[in-house]
1. If you go through segment 12-22 one residue at a time, how many are in contact with a Phe, Trp or Tyr (Cβ under 6 Å, 6 or more places away or on another chain) and either assigned to a loop (DSSP other than H, G, I, E, B) or within 29 Å of Gly83 (Cα to Cα) (or both)?
2. Scan His19, His33, His71 and give me the residue that is in the same structural domain as Leu84 (by TED's automatic domain parsing) and either exposed (fewer than 11 other Cβ atoms within 10 Å of the Cβ) or without any contact (Cβ under 8 Å) to a residue 40 or more places away in the chain (or both).
3. Do we find a residue being surrounded by fewer than 16 Cβ atoms within 10 Å (Cβ to Cβ) and either at pLDDT 95 or above or within 23 Å of Leu5 (Cα to Cα) (or both) anywhere in segment 84-97?
Amino acid sequence: MGNRLDDALLELENAGLTHRRGVAPDAVYTFKHALVQDAAYASLLRRNREHIHAELAGLLESRFPETSALHPELLAHHLTEAGLAPKKASDTGNRPAASRSSVPATGRRWHI
C-alpha cells in the first residue's frame with residue numbers, strides 16, 4: 001500500500017470508520033454507519049464532490065460499460081451530482097435520471 005488512496009483507506013479502516021472485504025485491488029469498502037458516510041460526504045467542498053462524481057462517471061463509462069448498461073441509474077446519479085446530467089430524457093436513451101434518493105443511504109460500496 002504505497003499510494004495515497006490505499007493509505008487513506010487503511011487510515012479509515014484503522015479508525016474504525018469502514019469495513020474492508022477482500023484484498024486490493026478487489027477489496028470492497030463500506031462505511032460502518034450511514035451517518036459517518038454522510039458526514040464525510042458533507043465535509044467535501046462542492047467542487048471536489050463534483051470532480052469525484054465526474055471521475056466516477058468517466059470510469060463507469062470507460063472501464064465498466066457493462067455496469068453502466070445494467071445500472072444506468074448509477075451512471076445518472078454520478079453525472080447528476082457532477083453537474084453533467086443531460087438536459088432532456090432523450091439524451092440518456094429515454095432513461096429517467098436518478099435522484100439522490102434512488103441511491104440507498106446505506107450499503108454503498110467502493111470497489112477498489
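The values are calculated or read from the model by the stated rules, or taken from the named source; none is laboratory data. Being a predicted model, the structure only gives us computed values, none of them experimental. Every residue, glycine among them, receives a Cβ derived from its backbone with ideal geometry; neighbour counts consider all protein chains shown.
1. Final tally of qualifying residues: 1.
2. The conditions single out His71.
3. No, segment 84-97 contains no residue that is surrounded by fewer than 16 Cβ atoms within 10 Å (Cβ to Cβ) and either at pLDDT 95 or above or within 23 Å of Leu5 (Cα to Cα) (or both).
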